[in-house]
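Inspection log for the structure reproduced underneath, given as structure tokens.
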Amino acid sequence: MKQWKQMAGLVAAVVMLSSATLIEKPTKATTYKIDTSKSELKWNGKKVTGEHYGTIDLKEGTFTLDGTKLTGGSFVADMNTIVVQDVTDKEFNGKLTGHLKSDDFFAVEKHPTASFIVTSATPKGNGTVDVAGNLTIKGITKPVSFPVTVTPTKDGAMVKGTLVVDRSKYDMKFRSKSFFDAATLGDKMVYDDFTIEMDLVAKK
């Protein structure tokens, strides 16, 4: 009987040790490279009398998944590639694009890139993740957060989300109510918030 009890105790110890090992064994995080040719950034800015929208090309980027859980990532946008899609008149399109690249907005000559670096990611279920990170525009870095969806693919993953940016925090003063009297601006006011819709495709 004593021998049986000792054997049973040994088996139990082995089982507990094996279980603990399985629980504590870390999963291997994988870093994926963003395919800039298949990924897209869409911007949309609004004013009292309407809106403008277009695209910006990605220069490079990665994100890291631990299994299906997003744990990190970053990307760099090439601000020289700003495109206005809603204006069909070639001359007006050129003027608006040039204005967006000027110091009134993105100051592209001085700051040719913008970037985002993930600092934390909190799963919310159904593939949705609340992402927090540091967004740098015009050399100014501010914390931002927004929800994204993460969809694993055969050779990587897709990450989609929409970031709302307050341009007044990045020294974009043009017709902003944060710097000028809203009543004086009237219908010439440009709203501070603009959006960046991300559709990122990445693979190993």
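Tabulated results
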{"quantity": "Test: residue in the stretch 51-65 that is farther than 27 Å from Gly156 by Cβ and open to solvent by 60 Å² or more (accessible area, probe 1.4 Å)", "calculated": "yes"}
{"quantity": "Residues (closer than 14 Å to Tyr170 by Cα and not basic (Lys, Arg)) located in the stretch 99-115", "calculated": "Leu100, Ser102, Asp103, Asp104, Phe105, Phe106, Ala107, Val108, His111, Thr113, Ala114, Ser115"}
{"quantity": "One residue from Ala77, Ala107 being open to solvent by less than 30 Å² (accessible area, probe 1.4 Å), in a strand (DSSP E or B) and not polar (S, T, N, Q)", "calculated": "Ala77"}
{"quantity": "Positions within the stretch 82-100 being within 21 Å of the chain's Cα centre (by Cα) and open to solvent by 30 Å² or more (accessible area, probe 1.4 Å), in sequence order", "calculated": "Val83"}
{"quantity": "Top-ranked residue in the stretch 30-48 [being within 21 Å of Val165 (Cβ to Cβ) and β-branched (Val, Ile, Thr); ranked as surrounded by the most Cβ atoms within 10 Å (Cβ to Cβ)]", "calculated": "Ile34"}
{"quantity": "Number of the condition not met by Thr184 [criteria: (1) open to solvent by 30 Å² or more (accessible area, probe 1.4 Å); (2) at pLDDT below 95]", "calculated": "(2)"}
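Quick grid of which residues meet (1) modelled with pLDDT of 50 or more; (2) farther than 30 Å from Thr195 by Cα; (3) touching an Asp or Glu at 6+ places or on another chain (Cβ under 9 Å):
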| position | (1), (2), (3) |
| --- | --- |
| Met1 | yes, yes, no |
| Trp4 | no, yes, no |
| Lys25 | no, yes, no |
| Trp43 | yes, no, yes |
| Lys47 | yes, no, yes |
| Gly54 | yes, no, yes |
| Lys59 | yes, no, yes |
| Thr62 | yes, no, no |
| Leu65 | yes, no, no |
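The values are calculated or read from the model by the stated rules, or taken from the named source; none is laboratory data. From a predicted model like this one, the values you see are computed outputs, not experimental measurements. All Cβ positions, glycine included, derive from the backbone under ideal geometry; neighbour counts span all protein chains shown. Calculation scope for accessible area: heavy atoms of the full protein, side chains included, ligands and nucleic acids excluded. Shrake-Rupley method; radii C 1.70, N 1.55, O 1.52, S 1.80 Å.
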